[in-house]
Amino acid sequence: MKREEIEKLLARYYDGLATEQEEEKLTQALRSAKDLPEDLQAERDLFLSLHKDTMEDVPVPEDLETELAARIDRKASAPRRRRLWWGSMAASILLLVGLGFGIAEMRQEAFAPTPQDTFTNPEDAHRALQAIFAEMSQNWNEGMKQLEASQRDIIAVNREIREELK
């Protein structure tokens, strides 16, 4: 086969356009060619290494899959074990600190506050109570006014929405 024809078939093969017959013709030509130029020698080596018929069966060890799985598991579990160890240490420290604070709090005597009268004169207490009720009433009335204003605004917005939807 001529050099030009081999180059043409190689180009079609590398572009993925070669038919099976052209591929077989190229394989036979490259296998049987004895005196190819140097640049075609490299092409021949590349083509024959890519061609499916020339691939040799590589012996695969029987325990390859189990060995690979074991190595992957060892590599994957090492950082996880480290994180688990650090997490356990942090949890233990937090537990000890929490127990320490809890024990310290339990040792302190807890006394309920004794109620004390704030007014010694009942009339002063009555006046203070009236002032508190007056302030509460005023705040209540202001809140009701705001609530009524909000309700008016809501009603107005609802009317506008209904008009827009009509």
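The values are calculated or read from the model by the stated rules, or taken from the named source; none is laboratory data. Nothing here was measured: the structure is a model prediction, and the numbers come from that model. Using ideal geometry, Cβ is built from the backbone for each residue, glycine included, and neighbour counts are taken over all protein chains shown. What goes into the accessible areas is simple: the full protein's heavy atoms, side chains included, and nothing from ligands, DNA or RNA. Shrake-Rupley method; radii C 1.70, N 1.55, O 1.52, S 1.80 Å.
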Among the residues of the range 47-61, what is the count of those that are open to solvent by less than 80 Å² (accessible area, probe 1.4 Å) and either at pLDDT 80 or above or assigned to a loop (DSSP other than H, G, I, E, B) (or both)? 2
Yes or no: E65 open to solvent by 100 Å² or more (accessible area, probe 1.4 Å), farther than 30 Å from I6 by Cβ, at pLDDT 85 or above and of a type in the set (D, E, K, R)? yes
Cβ-Cβ under 8 Å, sequence separation 6+ or interchain: first residue in the range 4-17 and modelled with pLDDT of 85 or more, partner part of a helix (DSSP H, G or I) and open to solvent by 70 Å² or more (accessible area, probe 1.4 Å). Which pairs? L9/K25
For the range 102-149, what are the residues that are part of a helix (DSSP H, G or I), of a type outside the set (A, V, I, L, M), loosely packed, with under 10 Cβ neighbours inside 10 Å and modelled with pLDDT under 90? E105, R107, P122
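Looking at the structure I just gave you, is E164 acidic (D, E) and open to solvent by 100 Å² or more (accessible area, probe 1.4 Å)?
In short, yes.
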